[in-house]
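Reading through the C-alpha cells given below for one structure.
The values are calculated or read from the model by the stated rules, or taken from the named source; none is laboratory data. The structure displayed is predicted, hence computed values, not measured ones. Here Cβ is always computed from backbone atoms with ideal geometry, including for glycine, and neighbour counts include all displayed protein chains. Accessible surface is based on the protein model in full, side chains and every heavy atom, while ligands, DNA and RNA are left aside. Shrake-Rupley method; radii C 1.70, N 1.55, O 1.52, S 1.80 Å.
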Amino acid sequence: MSRGGPPQNEPLWGDFPDDVAAVTDGSKPPDWALPSWDSIPAEETAPSRRPNAAPARLPDAARAPAKDAAPAAIEPRADTARPALHAPVGGFEMRIFQVSEITRAVRDAIRADAGLRDVWVEGEVGRVTVSSAGHAYFTLKDERSQLACVFFRDDRLSSPFEPRTGLRVVVHGRVDLFESQGVYQLYVTAIQPAGFGDLALRFEALKAKLAAEGLFDTARKRSLPDRPAVIGVATSATGAVWHDICHVVARRWPVARLLLSPCQVQGEGSAASVVTALDRLARWGEKCRAEGRPEDAPAVVILARGGGSLEDLWSFNDERVVRAVVAHPVPVVCGVGHEVDVTLADFAADVRAPTPSAAAELVVPDRTEILVVLGELSRRAGGYTGRTLAGARSELAAEGRALDRLRPSAQLAQARERAGYLLDRATRAIRSEIGRRADAEGRLAARMRPVLVAQLAARHVAMERSGASLAALGPQATLDRGYAIVRRRSDGSIVRAPAEAPPGEHLTVRVAQGEVAATVDAGPATGRVPAKKRPA
Amino acid sequence: MSDQTAATPAVDVGSLTFDEALVELQRTVAELEQGGLALERSIELYERGVALHEHCAGLLGQAELRVQRLLEHAAGQLTAVEARSEEEAD
C-alpha cells in the first residue's frame, strides 16, 4: 500500500493517501470504502488504468509474454515483434510484471502467513461506511497506522456490537487482499468493545472498596415512606424513562407530586450530572424545610435510566454517584437499565428496582389497595351499628341511585321537623341521625363501588332486602344490647341528669321490646335515680 | 390524642391533604372503637369519619398527577415549575 504521491485528481487508487487524511476529517470515505465489489463501476475495475504507473510503458509491458517468461527474460528478446520501449537495457533477470501478477504475489504472500488468517486486532474505529448491500467498511487506527476493515452483512447483523467512529474495539478476522482493487483488508468476523475486561475489573475493584467502607450495608438502608407526597426523580428529561415513571405514578397514586431533576444519564460528564441532579433535590428539600413547608420536600428519590450497553450504564458505577446516593437525605430507589443490569448505584440505593417503571411502582402504593383500606376504616367507623350499616352499604353500592332515593327522604325528614310534625324530640333526634347516616353511607357506597364489585356479586341477593335492612338502622340495635332511653313524660326530653327527674316525675322508659311507664319515687340519694316501674 | 381530636373538627375536611385526612380518619375510627363516648360525640365523630373517608376517596378518584421540574438558576437558586405539558407531550 505504500506508494508515492499520485496526481491529485486520480480517482480511487491515487486518492488513497488523501483519503487517509479524509478518514480523520470525515469529509469523504476512503476509496476502498466507496464501491464494494458488488457494485464496482466497470471503468474503475481495471488496474491497468493507473496513470501514474508510467502510462507510456504500460501498454507494451502488458503485451509482453510475461506470464511464463522466466527463461525468456534472461535475454532481451530481439525477436519480439514490438519490443518494449523501455525494456531494461541489458537487464539480466529483469522482467516486467503485470499488475495482477504483483497483486496475486502479494495476496499469496499474505495468505501464506498463517498468523494473518486468524487475528485479533485492537484499535480505534475511524470512518465507517455501510454499503447498500449492508456491508460495513471502516478503518482501525492506532497512533501510527491504519487498517482497512470489512464487516460483511451477515456477520454485522448478527453482531451485538456495531463499529462506531471513535470507539476502541477489538476485532477478530483474517487479513486478505482484495485483488480487483489491490487493497489488503481485514475481513472482520467479530467485534467487541475494547477494555471490556478492564471495565469488569474496575467494577469489581471499586465495588470491593466501597463495600469495605460499608456503603452497601443492609443496615444503613432506609425504608421507604408509605405514601410520599412529593417524589424526586433524577433522570433524563427526554426519553421513555421519565414518561414511564409519570405514567405509573399517575395510574397508581395520582395524589403524589413528581419533581424532576433532569440529568444526563450517559456519555461524558453524565456521572457528574447525576450527582448534581441528586444534590439539587437534596438542596430543594432543605430549602422547603427551611421555608416551613416540609410537605413540598421530596420524601423519596428515584434515580433511573433506561437500558443500554455496559458503557452507557457506566456512569452509574461511578464512585461519585455511589457516594451521592448514600449521602442523600431521603431514601433513594435506583432503577437502572434492565433486570440483568446491576450497577454500583443499585448496591448503594436504599431499594434496588429492576427497571425504572418498577422503581415508580415501589415508591407509591396502589390506590385500589388504599381504597380497600379506606373501606375497612369506614366500616369500623360504623361503630355499634356496624353490622347493619355494612349490610346497607353493600346494598346501596349495588345501586348508585340509592343516593338519590335517600336524599329526598332526608330532606323530607327536615321538612317534617320544621313543621313540628314530630312531637317527641328524642325520637326525632335519633331518626334524623339515622337519616344522616344513611345518606352518608349512600354517598360512601357510591365512591366505593369500584372496590366492592366483587362483594357486590355475592351480596346481590341481599339487595332485595334493602328496605328491611334500612329499617333496622333505628336505635333498635342499641336497645337490644340493654340500653334504655329515659324521657320525661311531661315534655318528652331525654333525662341526662338526676336533677331532670325529681321525685314524682313521670317517665317513659323505652327498652328493646317496648316502653314502660315509671315514676321517680325518691330524690337522688347516691347520684342515681331509683325508678319505680309500673306496667305501661 | 384527646387534644388533637378535640381540635380536628375545626379544620375543614376539604382542605386536608390525603395523608392528613387518612391519619385523622384512622384516629377517629380508633376513638370510636374505644367507646365510652356520649351519643352526640360518637355521632359527631362518625360524621367526621364519613366526611374524611369521602374526601380521601374523592382525592384518589379525581386526583391528577402533578408534575414539576426543578430548575437551577445562575446563582444556584432552585425553583420548581409545573411541567404537566411535558409529560403529555412525551
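Structure summary
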| read-out | value |
| --- | --- |
| Selected residue (only one of A:503, A:524 is assigned to a loop (DSSP other than H, G, I, E, B), out of contact with any Cys (no Cβ under 9 Å at 6 or more places or on another chain) and modelled with pLDDT of 75 or more) | A:503 |
| Residue in the stretch B:45-58 that is β-branched (Val, Ile, Thr) and at pLDDT 80 or above present | yes |
| Among residues of the stretch A:332-350, those that are surrounded by fewer than 20 Cβ atoms within 10 Å (Cβ to Cβ) and under 12 Å from residue A:303 (Cα atoms), counted | 1 |
| Pairs with Cβ under 8 Å, 6+ apart, first in the stretch B:40-64 and facing chain A (nearest Cβ under 7 Å), second buried (at least 17 other Cβ atoms within 10 Å of the Cβ) and not in a helix (DSSP H, G or I) | B:46/A:382; B:59/A:255; B:60/A:254; B:60/A:255; B:63/A:254; B:63/A:255; B:64/A:254 |
| Residue that is modelled with the highest pLDDT [pool: residues in the stretch B:15-44 that are assigned to a helix (DSSP H, G or I) and loosely packed, with under 11 Cβ neighbours inside 10 Å] | B:15 |
| Tally, over the stretch A:243-255, of residues that are under 22 Å from residue B:71 (Cα atoms), open to solvent by less than 10 Å² (accessible area, probe 1.4 Å) and within 7 Å of chain B (Cβ to nearest Cβ) | 2 |
| Complete set of residues in the stretch A:263-282 that are of a type outside the set (Ser, Thr, Tyr), within 13 Å of chain B (Cβ to nearest Cβ) and surrounded by fewer than 21 Cβ atoms within 10 Å (Cβ to Cβ) | A:279, A:282 |
| Any chance residue A:210 is assigned to a helix (DSSP H, G or I), touching a helix residue (DSSP H, G or I) at 6+ places or on another chain (Cβ under 7 Å) and assigned by TED's automatic domain parsing to the domain that holds residue A:357 | yes |
| Tally of residues being in a helix (DSSP H, G or I) and either free of Cβ contacts under 8 Å to residues at least 12 places away in the same chain or among the charged types (D, E, K, R) (or both) across the stretch A:103-138 | 9 |
| Search result, residues across the stretch A:283-313 that are under 22 Å from the mean Cα position of the chain (by Cα) and crowded, with 19+ Cβ neighbours inside 10 Å | A:298, A:299, A:300, A:301, A:302, A:303, A:304, A:305, A:306, A:313 |
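Okay, residues lined up against (1) within 34 Å of the chain's Cα centre (by Cα); (2) of a type in the set (S, T, N, Q); (3) over 30 Å from residue A:254 (Cα atoms):
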{"site": "A:147", "(1), (2), (3)": "no, no, yes"}
{"site": "A:151", "(1), (2), (3)": "yes, no, yes"}
{"site": "A:167", "(1), (2), (3)": "yes, no, yes"}
{"site": "A:177", "(1), (2), (3)": "no, no, yes"}
{"site": "A:180", "(1), (2), (3)": "no, yes, yes"}
{"site": "A:210", "(1), (2), (3)": "yes, no, yes"}
{"site": "A:213", "(1), (2), (3)": "yes, no, yes"}
{"site": "A:227", "(1), (2), (3)": "yes, no, no"}
{"site": "A:233", "(1), (2), (3)": "yes, no, no"}
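Here's the yes/no breakdown for (1) charged (D, E, K, R); (2) surrounded by 18 or more Cβ atoms within 10 Å (Cβ to Cβ):
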{"position": "A:173", "(1), (2)": "no, yes"}
{"position": "A:189", "(1), (2)": "no, no"}
{"position": "A:192", "(1), (2)": "no, no"}
{"position": "A:201", "(1), (2)": "no, no"}
{"position": "A:205", "(1), (2)": "no, no"}
{"position": "A:214", "(1), (2)": "no, no"}
{"position": "A:217", "(1), (2)": "yes, no"}
{"position": "A:223", "(1), (2)": "no, no"}
